[in-house]
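A short write-up of the structure that comes next.
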Amino acid sequence: MSIIQKEIRLGNGETVILETGKLARQADGAVLLKHGKTMLLATVVAAKEAKEDVDFMPLQVEYKEKFAASGRFPGGFLKREARPSDYEILISRLVDRALRPLFPDDFHAEVYVTINLISADKNIKPDALAGLAASAALAVSDIPFGGPISEVRVARIDGQMHINPTFEEIEKADLDIMVAATYDNIMMVEGEMKEVSEDDLLKALQFAHEEIKKHCLAQNELTEMVGKTVKRTYCHEVNDEDLRMSVKAATYDKVYAVAKAQLPKQERSEAFEAIVNEFLESIPEEEREAKKPLVARYYHAVEKEAMRRMILDEGIRLDGRKTTEIRPISCEVDYLPAAHGSALFTRGETQSLTTVTLGTKLDEKQVDEVLIQGSEKFVLHYNFPPFSTGDAKAARGISRREIGHGNLAFRALKRMVPTGEENPYAVRVVSDILESNGSSSMATVCAGTLALMDAGIKLKKPVSGIAMGLISEPGKYAVLSDILGDEDHLGDMDFKVTGTADGITATQMDIKVDGLAYEVLAKALAQANEGRMHILGKITETLAKPREDYKPHAPRIVQITIPKEFIGAVIGTGGKVIQEIQAVTGTTIVIEEVDNKGVVDVFAENRDAIDAALKWINSIIELPEIDKVYHGKVKSIVAFGAFVEILPGKEGLLHISEVDWKRLENLDGILAEGDEIDVKLIEIDSKTGKLRLSRRVLTDKPEGYEERPPREGGERRHGGSGGSRGHDRGRGDRRR
């Protein structure tokens, strides 16, 4: 195949080039996407035949960033790329969610989409290009696909919308969303915002869609240039229309009756299962096993139709609620007495037990991606054990779904968690889903808000979340608030919205139908706002604002700043000083240089330990003052006096003539190493900084006392090799 290229001019004036025919030519489709120095290689391969008894779309999307793309070594012992990072999984999910609905319903061959970042421009975010690259690979293949699609990032910066902004630009944005769409319809949305309005979100979606249309047209032209307008033929389903009609005739009325009975989730599932089992019993035994997969498929369609008709025709939902009604909510805080903060949030049959743990800078999450390095003070983890849905199976690791749901809740809350001096802690939120029947990620947001406030974190504003659904047919639709699991599974949209009383903080939307009008999205957002405000009211009824103080058993952090030049003195040579402070006081101390000053975090289980460490640190950074009295420690005895440490690392000379008013020949029996004595600083040498101390001035001068002439040969105030000890030992030592 010859090399074929197609150029796309982005809305920001930059150019993306799609190239095929040079790399990965044995894949069913392969496209190299170039944007600046960034290069993504997307490939797609589909099995020729579907496996037996597969009636779903076995799609696997893998996004992988190569460290060599930016001239870096991977971390870890092996120094090679290993399991995908959370970031790579999240990008894989974004692409998957945009592609999956567009494969034909009866196409069940395994499809593998792989997107590799092979060259990285340090200021271009490649995640916004992954969907375009994957779709282009499908466009130049013979795999049946209802696209093309593209994905773009939209950021609002200083009131202006930008397409695919740089890393630096995103830092200034108050709206940052990823949007995927075909030429005609939006398919997927995910992102975070700084309390924006529903109208602003809709404008961002429309802005993104106009850009995506250009990408789709370019891919259609690329398909024609390659000559892949005709896709492969396949036959992955063998249907029995008579059986289909029999299943519907025998089960529809029964299913409708169960759907209207407003049964709890488990009872409803058992009732539905009994209906299909009853039908299977009516099939001759010798034919039953062969027809069982088809019966299951046709029965699923009956359930879907019955539920949808009940909602559209009668306005009745599976649990009897109206379309705008929220399930009963109960909230508890301080549920776990030993945690730093905790909350139990229950909405209908969905329940989250969420904890907050407070830590030091040493507990921050370290980020080492190809293009992103640093640390995160706030993290949120979401766990979805099988027992939460009554499934009898083991929990094996963290699923991609758990990572995705946790990230949504994280984005919903993170802008409301204070940083800097307002919150010196590293904060970890963990949501354990104990029961699930729809919208457990939104329960996590609500429980997370309560747990953070219970922990004493000064959350800027409480956040609530809600999942919206849609049931639609030509000319008729119903928007559903607070959807159940079945309404998500059998419906046309899953639209999650989180926010404060003043605006949206995060959103995630997956659309499963074509032709969703903006007026429907506008209605869904308006209805979501009403639901969020209702849920927010329940949250604030339980706990209106953050607790005034942390729990008594929570560790404390006190943060102070010190002059930059004292960082080395506090750390000490090889960390000796700071290690001693921590060992003696039972604290954890973290020092870093920020804005040309030292920021010191002192972390301990009790205030007394912190106070002891702070006293020690303050004594290290304290500057000696003339005429001030110090309680010092004798460090060494010499012929002409003693060296006394008056502050950590700061020694002065107590000359033998300043020990007592009477003349002393030596200090035997008067002072010894280790003695603690009070001394007064009487002089700081202006040239050398050496300190001169006196003990005798702290006692009354004897009556009739007369100063005697100095000893023959003169008295060396700072004599001998010990004279250098008057310096501030440790100052300037910046080694850690």
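For the reader, a short list of remarks on this structure follows.
- Which listed residue, of GLU303, GLU289, is part of a helix (DSSP H, G or I), among the acidic types (Asp, Glu) and buried (at least 20 other Cβ atoms within 10 Å of the Cβ): GLU303
- Test: ALA218 is in a helix (DSSP H, G or I) and in contact with a helix residue (DSSP H, G or I) (Cβ under 9 Å, 6 or more places away or on another chain): yes
- When the strands (runs of 3 or more DSSP E) confined to segment 606-676 are screened for residues that are within 21 Å of GLU565 (Cα to Cα), aliphatic (A, V, I, L, M) and at pLDDT below 90, those reaching at least 2 such residues are found at 641-647.
- Segment 44-55: number of residues that are modelled with pLDDT of 95 or more and touching a Lys or Arg at 6+ places or on another chain (Cβ under 9 Å): 1
- Any hit, segment 191-211, residues being surrounded by fewer than 15 Cβ atoms within 10 Å (Cβ to Cβ) and over 41 Å from the mean Cα position of the chain (by Cα): no
- Annotation for segment 55-74: at least one member residue is in a strand (DSSP E or B) and more than 28 Å from VAL513 (Cβ to Cβ).
- Considered as a group, the residues in segment 658-688 that are more than 16 Å from LYS701 (Cα to Cα) and touching a Pro at 6+ places or on another chain (Cβ under 9 Å) include one that is surrounded by the fewest Cβ atoms within 10 Å (Cβ to Cβ), and that residue is ILE684.
- Residue within segment 274-294 that is basic (Lys, Arg) and more than 18 Å from LYS248 (Cβ to Cβ) present: yes
- Exclusive hit being in the same structural domain as THR505 (by TED's automatic domain parsing) and of a type in the set (Gly, Ala, Ser), set GLY531, GLY568: GLY531
- Here the strands (runs of 3 or more DSSP E) wholly within segment 338-414 that include at least 1 residues being modelled with pLDDT of 95 or more and over 30 Å from GLU605 (Cβ atoms) are 341-347, 350-359.
For every residue, the table says whether it meets (1) in contact with a helix residue (DSSP H, G or I) (Cβ under 7 Å, 6 or more places away or on another chain); (2) outside the structural domain of ASN220 (by TED's automatic domain parsing); (3) modelled with pLDDT of 95 or more; (4) crowded, with 17+ Cβ neighbours inside 10 Å.
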residue: GLU19; (1), (2), (3), (4): no, no, yes, yes
residue: ALA30; (1), (2), (3), (4): yes, no, yes, yes
residue: LEU33; (1), (2), (3), (4): yes, no, yes, yes
residue: MET39; (1), (2), (3), (4): no, no, yes, yes
residue: ALA42; (1), (2), (3), (4): yes, no, yes, yes
residue: MET57; (1), (2), (3), (4): yes, no, no, yes
residue: GLY75; (1), (2), (3), (4): no, no, no, no
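- Within segment 142-155, the presence of at least one residue that is among the acidic types (Asp, Glu) and surrounded by 22 or more Cβ atoms within 10 Å (Cβ to Cβ) is confirmed.
- Which listed residue is in the same structural domain as THR43 (by TED's automatic domain parsing), crowded, with 22+ Cβ neighbours inside 10 Å and not in a strand (DSSP E or B), from ALA180, ALA134, ALA109: ALA134
- Whether a residue is closer than 30 Å to ASP611 by Cβ, acidic (Asp, Glu), at pLDDT 90 or above and not assigned by TED's automatic domain parsing to the domain that holds LYS476 was assessed, and GLU548 passes this test.
- Test: ASP158 is on the phi > 0 side of the Ramachandran plot and in contact with a Lys or Arg (Cβ under 8 Å, 6 or more places away or on another chain): yes
- Entry remark, segment 7-38: residues being under 30 Å from GLU49 (Cβ atoms) and in a loop (DSSP other than H, G, I, E, B) number 8 in total.
- Filter result (charged (D, E, K, R) and under 19 Å from PRO624 (Cβ atoms)) within segment 664-695: GLU676, ASP678, LYS680, GLU683, ASP685, LYS687, LYS690, ARG692, ARG695
- Residue count for segment 450-469 satisfying the condition of being surrounded by fewer than 24 Cβ atoms within 10 Å (Cβ to Cβ) and not in a loop (DSSP other than H, G, I, E, B): 0.
The values are calculated or read from the model by the stated rules, or taken from the named source; none is laboratory data. Nothing here was measured: the structure is a model prediction, and the numbers come from that model. As a convention, Cβ positions derive from the backbone with ideal geometry for all residues, glycine included, and neighbour counts pool all protein chains shown.
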